[in-house]
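In what follows, a single structure is set out as structure tokens and then discussed.
Read-outs: derived from the displayed coordinates by stated rules, not from any lab. As the structure is a prediction and not an experimental result, all values here were calculated from the model. Note that each Cβ is placed from the backbone with ideal geometry, even for glycine, and that neighbours are counted across all protein chains shown.
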């Protein structure tokens, strides 16, 4: 199959994420994370000063990685991935993952992408980047 | 006032004992469901998604070892710092090969840097950890550089 043509500034498909108590519970069980800010609302408000249960930062990292891997499918691989949570996101928030092609590092083979998670007011709550290589699968 | 003493600074360069994890299909499937994966290769557990590696090597300790916040009171490098509340900072992962069920991974953690910085609500401690992972054939699988913020 021919490699897709990738253009600078090309947007990646966006996806809406609405985590629930159940999905947060399953995520934290899957990664064996007992941090109470993700499931104990009373503790989270009283002792950690958050208004609601906190959506895991690495879960948003995963959504950014998915944004790339779903777009790439089997046409290439992520060889470097970086993310940072810039603002807490809370249970009940509607979040959107997305990104765009920033630059070509190696002629039509290696590209740098910019990634983000935004809240419903279009504020970035997490940002990231990925280096993709179209010569490996 | 400085939070980190000369003793704390000596932790820079500290390396953990090798940690071992066996990858199994069921864990990949559970992770993929919880993260709302769309691709069949992940949902069937044939391959692990990139971020499956997060917390993969977390030490499995008894309930008595968990603090009030639910977290392990000592992390894998057994570091006791003056600030106790933990926040995840940035993470960078270099990926060298895919992870499959049946893989037997070995990871070694190292403290790359430890410093303090003034934040909006006071002093914060930043720990930069590097985690290097290889498989049963001694092939490099990934390297993760993580910033952990203590507040």
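Observations on the structure shown:
- Residues satisfying the stated conditions in segment A:45-67, i.e. more than 10 Å from chain B (Cβ to nearest Cβ), over 15 Å from residue A:117 (Cβ atoms) and out of contact with any helix residue (DSSP H, G or I) (no Cβ under 9 Å at 6 or more places or on another chain): A:45, A:46
- Residue B:134 being closer than 23 Å to residue B:67 by Cα and surrounded by 15 or more Cβ atoms within 10 Å (Cβ to Cβ): no
- Within segment B:26-35, the set of residues being surrounded by 13 or more Cβ atoms within 10 Å (Cβ to Cβ) and outside any loop (DSSP other than H, G, I, E, B) comprises B:27, B:28, B:29, B:30, B:31, B:32, B:33, B:34.
- With respect to the conditions (1) surrounded by fewer than 19 Cβ atoms within 10 Å (Cβ to Cβ); (2) within 26 Å of residue B:62 (Cβ to Cβ); (3) at the interface with chain B (Cβ under 9 Å from one of its Cβ atoms), residue A:42 falls short on a single one, namely (3).
Residue-by-condition table, conditions (1) within 11 Å of another protein chain (Cβ to nearest Cβ); (2) in contact (Cβ under 8 Å) with a residue 24 or more places away in the chain; (3) crowded, with 17+ Cβ neighbours inside 10 Å; (4) touching a strand residue (DSSP E or B) at 6+ places or on another chain (Cβ under 8 Å):
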position: B:19; (1), (2), (3), (4): no, yes, yes, yes
position: B:24; (1), (2), (3), (4): no, yes, no, no
position: B:37; (1), (2), (3), (4): yes, no, yes, no
position: B:45; (1), (2), (3), (4): no, yes, yes, no
position: B:57; (1), (2), (3), (4): yes, yes, yes, yes
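- Residue count for segment A:20-34, restricted to those that are in contact with a helix residue (DSSP H, G or I) (Cβ under 7 Å, 6 or more places away or on another chain) and more than 7 Å from every other protein chain (Cβ to nearest Cβ): 2
- Members of segment B:77-110 found to be over 22 Å from residue B:139 (Cβ atoms) and either more than 9 Å from every other protein chain (Cβ to nearest Cβ) or over 15 Å from the mean Cα position of the chain (by Cα) (or both), listed by number: B:77, B:78, B:79, B:80, B:81, B:82, B:83, B:84, B:85
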